[in-house]
1. Give the residues of the range 45-57 that are of a type in the set (A, V, I, L, M, F, W, C) and either open to solvent by less than 50 Å² (accessible area, probe 1.4 Å) or in contact with a His (Cβ under 8 Å, 6 or more places away or on another chain) (or both), sorted by residue number.
2. Name the one entry in A118, A159 that is of a type outside the set (D, E, K, R) and free of Cβ contacts under 8 Å to residues at least 60 places away in the same chain.
3. Only one of A55, A95, A81 is modelled with pLDDT of 95 or more and farther than 25 Å from V152 by Cα. Can you tell me which?
4. Criterion first (surrounded by fewer than 22 Cβ atoms within 10 Å (Cβ to Cβ), closer than 27 Å to G129 by Cβ and of a type in the set (D, E)) does E60 satisfy it?
5. Hey, among K151, K91, which residue is in contact (Cβ under 8 Å) with a residue 24 or more places away in the chain, open to solvent by 30 Å² or more (accessible area, probe 1.4 Å) and under 30 Å from F77 (Cβ atoms)?
6. How many residues are surrounded by fewer than 19 Cβ atoms within 10 Å (Cβ to Cβ) and either at positive phi or within 11 Å of the chain's Cα centre (by Cα) (or both) when one looks only at the range 106-125?
7. Give me the residue from the range 3-22 that is part of a strand (DSSP E or B) and hydroxyl-bearing (S, T, Y) and, out of that set, nearest to N107 (Cα to Cα).
8. Can you name the number of the only condition in (1) surrounded by 20 or more Cβ atoms within 10 Å (Cβ to Cβ); (2) within 17 Å of Q132 (Cα to Cα); (3) of a type outside the set (G, A, S) that D42 fails?
Amino acid sequence: MSIINTKIKPFSNTAFKAGQFIELTEKDVEGKWSVFFFYPADFTFVCPTELGDVADHYDEFQKLGVDIYSVSTDTHFTHKAWHGSSETIGKINYAMIGDPTGALTRNFDIMREAQGLADRGTFIVDPEGIIQAVEITAEGIGRDASDLLRKVKAAQYVASHPGEVCPAKWKEGEATLAPSLDLVGKI
């Protein structure tokens, strides 16, 4: 069952951010755009390339008012250890949420139960806590932060421009579409 256009479920998790452990709940994401970026495990192979890519674009996300939350079923202690031992992970300034019970991962319906690991899932959440976009990839397929940034911009544009939609490969400043009976069969 799709979770697009559903409200995120309540959660309470500890995260590592800016050298500290912080507590996060669904209340902390209300009122702003958020990206939940799930990945299988710390100290792995594809995961650090993805997290590093998001870190490289973090300032751009922040300019758009978007908070980033990476999530794995590791603990917040493991996130701190990884942050301190990897040059790539050491540049992360966003919250790294620990989910050792898997509750948050199950809330987003991407737990691989047999392994106790999250799938590679990306969720764009609007300020009301509604999931606007989802991307899930297989274990060996890394995601692209520049495309995630494009999708966030499209979601924000559509939210602030009722009656307009963003076509494939839309980029900020390009033409959008206004769905209507007159447009049917003309594209």
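1. Taking the range 45-57 as the starting set, the residues that turn out to be of a type in the set (A, V, I, L, M, F, W, C) are 45-47, 51, 54-55.
Result: V46, C47, L51, V54, A55.
2. Numbers: A118 fails: free of Cβ contacts under 8 Å to residues at least 60 places away in the same chain.
Sole residue among the options that is of a type outside the set (D, E, K, R) and free of Cβ contacts under 8 Å to residues at least 60 places away in the same chain: A159.
3. A81
4. yes
5. One residue alone meets the criteria, K91.
6. The qualifying residues number 2.
7. S12
8. (2)
The values are calculated or read from the model by the stated rules, or taken from the named source; none is laboratory data. As the structure is a prediction and not an experimental result, all values here were calculated from the model. Cβ: placed from backbone, ideal geometry, glycine included. Neighbour counts: every protein chain shown. SASA here: full protein model, heavy atoms, side chains in, ligands and nucleic acids out. Shrake-Rupley method; radii C 1.70, N 1.55, O 1.52, S 1.80 Å.
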